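What follows draws every value from the coordinates through simple rules; no lab data is involved. Predicted, not measured: the structure shown is a model, and the values here were computed from it. Virtual Cβ from ideal backbone geometry, glycine too; neighbours counted across all protein chains shown.
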Amino acid sequence: MKKFILAFISLFLLWACHKKPEKIMDRQTYKQVLRDLILADLVSQNLRKNDSLKKQVRILVYKKYGVDSLMLKKTTDYYSSHPQQLTKIYAEIHTEFKRKADSLEKLAPHSKPKNDQIKMDKTKINLKNVRKKKS
């Protein structure tokens, strides 16, 4: 009887440890929130180095998905304790970004300047600056 009780308690503890906490995002929503936060951080870095702008953009992402920073933290804590799942989520986000970058490249394949063209453009700029300084 003692072995049965011990086995039952052990199984219960194992089950309790692997149970997802309430109030966390489902996997798909978490992936979308992370993706949008990454994009938002990139955009806000390019616009200004203004912390209030970064906060406003993050708040817009939270509102879009109906989450808050506490729920994001709890979800991040949960997936941090499950690194294989978190790695898969980031890999999927990376794949999405790669796919979008590839599709943009197909739309405008010649938009990337060649190295020689970059050197020529820099030379033209430098020559213009030299001419202005001499005047």
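Just to verify a result, which residue in region 35-80, among those that are of a type in the set (Ser, Thr, Tyr) and closer than 25 Å to residue 95 by Cβ, is farthest from the chain's Cα centre (by Cα)?
If we take residues in region 35-80 being of a type in the set (Ser, Thr, Tyr) and closer than 25 Å to residue 95 by Cβ, then 78 is farthest from the chain's Cα centre (by Cα).
Residue 35 falls short on exactly one of the conditions (1) at positive phi; (2) surrounded by 11 or more Cβ atoms within 10 Å (Cβ to Cβ), and that condition is (1).
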